[in-house]
Each structure stands twice: as C-alpha cells, then as structure tokens.
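Working notes for the structure below.
The values are calculated or read from the model by the stated rules, or taken from the named source; none is laboratory data. Predicted model, so just to flag it, every value in this text is computed and none were measured. As a convention, Cβ positions derive from the backbone with ideal geometry for all residues, glycine included, and neighbour counts pool all protein chains shown.
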Amino acid sequence: MSNTYQQRIKNHILDEETFLSAVFSGQQKGKSVLWEKVSLRPVLLKDKRHIQFSYFDGKQDISKNYAGDELAEKVDELLALAFKSIALRASSGDIRVQITKKGKAIIHQDKAPAKQPQQPDLSHNHRKDLILPFDKPNPFLQTIGIMTAEGRIRAKMQDKFWQINRFLQLVHQSIDLKRLSHSPLRVVDCGCGSAYLSFATYHYLSDILERPTQMVGIDLKSDLLQRRGEQARNLGWDGLRFEASRIIDYTPAAPPDIVLALHACDTATDESLAQAARWGSRYIFSVPCCHHHLQAQLPSVGQAVSLSHKPVLRHGILKERLGDILTDAFRALILRIMGYRSEVVEFISSEHTDKNLMIRAVKASKPGQAQFLREYQAMKAEWGATPYLEELLGKEFPYA
C-alpha cells in the first residue's frame, strides 16, 4: 500500500494514541459491498487494546475484535472494499474521504485540535446501547451475584453481564409487543440452569416494559431452583417461579408466548424447540450448547458417499464443527417447516463465549411450506442423518 489515502487511514486506525473512531459506508458506482456500513472503535479486552469492527448488513450487526498483526490485515481488507465514503475521527484531527463517480478520492482533513483533546473510549459497549447499565445499581443483578452491593459488576461476572445485555438487545429487536396485546405475557425458560437470563428477561418485560408477565423456569436442578425461587420472592417478583421438570415432560398452564432455551445441552435444545413448536409459541430464542446426536450419525471417511465430503470428514475437529453446523442448520430449517421465520445469528462475540450462535424464530405462517420440505429432504439425503428434533415432533412434523 503506497502513500495513498488508504495508507493514511490505516496509519490513523493503528495509532493507539489518537484514533477515536471510523465509519465506512455506501458503495462506489458500479460496484457492490457486502456491508451497508462498518464502524470501528477501540475497546479494552483483558487489559489489551483491540479495535472493534461492527459490520451492518441492514438486518443485523456482527462485532469482531482485532489486535496486532491480525488488526493490520483486517484494516487492509476493509480498505480494499469499494466503500463510497470514510469518516475517521482522531484526537489529532478528523479525515473524511469521498469517492466520486469517476473513482477519484476527495480528501477533507480538519487539523484543528479540539480545545481539550479527546481520549479513545475503550469501554467494550456504548452505555447508550446497554439495556442494563453497568454503572447503575440494580437490585436483581445484586441479588443473583453479578453486581456488588456498591453497584459494580464483579470481575468474574463481566462476560455474563455482557451476555445478558446482548440477549436482551436481541429480544428487544425481535419482539413486536403489538402482536402480544394480551395480559399477562407468558414465558417459559427451558433448562434455565442458574437462571441469569430468566431473571433478566423477567426484569426487562415486567419492570422496564411494564408488561405483566408470568414466567416459569424449568430445570432438573431442584436445589438451585429452590434458591432462585426464594430470590425472586425476595425481589417481590410474584410472576417469576421455578419448577423441577424434564423439558419434554413439562406442560404449561397456558401456551407460552415466548420460549427461551439458552445453553440447553445437546438434545435438551431439541426438546425445547419441539415443545415451543407444539405450544405454538410466538417467539423462540435458543442458544445451543454441545452437539452430539447428529455428529454420531456422520459417516467416516471410508463411508463417505461423496468424494467432496472426505476432506472434511478426515479431520476430527472439522467433522465435529461440521456436525455443529449441520445440527443447527437442520433445527432452523425444521422450524421454518413448522411455520416459523427462523434465522441463526451471532449471540455474542466469541471472546465472551464460544457458544455464541442463537436460533431466533418468529411464528409467521402455516406449517409445511413445499420449498422448505424440499430443502429438508435434500439435506437428509446428502448427509444420511435424521435430526433428533424430527424424531421428537413425530407425526406433528409435516415431513413425517
């Protein structure tokens, strides 16, 4: 990269002392860019400075954090894309680059220093984006051990705090409360475990949105559920309770509007999705954990039907990841067959947890659309596998 505007932009982004933010947007005439906008800003992760890249495609945003040589490579990749404009802010002055229809770069630079030089904001999330602020005491966060009595997030609970906020952000983006006009809202958290997200969801719906809510967390850990139930009562949350039950055996008093299944292990995720589909729940939020059932059905290298499968099946780690991808692809497709508009999105950045994919589904149509049935048939034939979710749904699954 010669002494072009790209090099100047790169130098500013890599300057740890002065870089504040950058936004790449638009697309040059006659060219296309995958992203509508990419925003960059410095963040501090585990006492090390990174640059957070937030990619927006019009439907969702994906955030990745880079440092060192990888950061330089990612900046080069970004500058090679055909964005129409770049707006960079630095304490040493701002730079704006606009690409004309003829491909010429027009550069504007403001070298006038601010009266008080700005310092990079290294907080990992913008405060305005947080549904639960990290600097405001919250009784429920204190009760479940995420926040101290003084209102500080405990060091060992930082990742959990960001997970909760990201989850609530996805719920906020997904739920149309006009479609849930009845009262109270009904929610079931399948395999709730420590129930951090049960508490967070109840707080969001009941306290922040002020919607009367009846929520049940189910799990097999009766001792833990008893303690969480006591904590809910101490908060005065009569609408949140916990019940010891297998997911597949649970029968709610009334069909829930929202079903959660966060990190339900292996086939417990399938049980949660099957129950939600049977109940006709309007919204489903599932973050799968481990994937073993379908992985065990994948052929070995010697059994591979297709020559193109062998390079993947030959390596244990690739075969395992393939099993993960296929499992969640089957799950999302089965939900579409069951009448849901489903999508797989990034739940939270991978530096917080490697269990960072979410299956998000909204009830949208009648089951059995022919397009999705054809796709499902082709996937089963290609891999010679039967997802456990199909087995659980049985005759209720239109494919069966």
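Here are the numbers for this structure:
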| quantity | calculated |
| --- | --- |
| Total residues in the stretch 243-268, condition touching a Cys at 6+ places or on another chain (Cβ under 7 Å) and buried (at least 16 other Cβ atoms within 10 Å of the Cβ) | 7 |
| Residue, surrounded by the fewest Cβ atoms within 10 Å (Cβ to Cβ), within the stretch 132-153, restricted to residues that are at pLDDT below 90 and among the hydrophobic types (A, V, I, L, M, F, W, C) | 149 |
| So residue 321, is it in a helix (DSSP H, G or I), without any contact (Cβ under 8 Å) to a residue 60 or more places away in the chain, assigned by TED's automatic domain parsing to the domain that holds residue 200 and over 18 Å from residue 193 (Cβ atoms) | yes |
| Test: residue in the stretch 1-21 that is assigned by TED's automatic domain parsing to the domain that holds residue 94, touching a Ser or Thr at 6+ places or on another chain (Cβ under 6 Å) and without any contact (Cβ under 8 Å) to a residue 24 or more places away in the chain | no |
| In the stretch 379-400, the residues that are assigned to a loop (DSSP other than H, G, I, E, B) and within 19 Å of residue 272 (Cα to Cα) | 386, 387, 397, 398 |
| Qualifying residues in the stretch 345-365 (those that are touching a helix residue (DSSP H, G or I) at 6+ places or on another chain (Cβ under 7 Å) and modelled with pLDDT under 65) - the one farthest from residue 65 (Cα to Cα) | 353 |
| Criterion: touching a residue at least 60 places away in the same chain (Cβ under 8 Å), farther than 30 Å from residue 342 by Cβ and among the small types (Gly, Ala, Ser) - qualifying residue of 25, 85 | 85 |
| Yes/no for residue 168 being under 20 Å from residue 276 (Cβ atoms), aliphatic (A, V, I, L, M) and modelled with pLDDT under 85 | no |
| Boolean, residue 245 is under 28 Å from the mean Cα position of the chain (by Cα), of a type in the set (Ser, Thr, Tyr) and farther than 24 Å from residue 372 by Cα | yes |
| Which numbered condition residue 203 fails, given (1) free of Cβ contacts under 8 Å to residues at least 12 places away in the same chain; (2) on the phi < 0 side of the Ramachandran plot | (1) |
| Near pairs, Cβ below 8 angstrom, 6+ apart or cross-chain, from the stretch 360-377 (closer than 26 Å to residue 263 by Cα) to any residue that is part of a loop (DSSP other than H, G, I, E, B) | 362/282; 363/280; 363/281; 363/282; 363/339; 364/339; 376/399 |
| All positions within the stretch 206-250 that are of a type in the set (Val, Ile, Thr) and under 26 Å from residue 177 (Cβ atoms) | 208, 213, 216, 218 |
| Selection from the stretch 78-107 of residues that are of a type in the set (A, V, I, L, M), buried (at least 18 other Cβ atoms within 10 Å of the Cβ) and outside any helix (DSSP H, G or I) | 86, 88, 90, 95, 97, 99 |
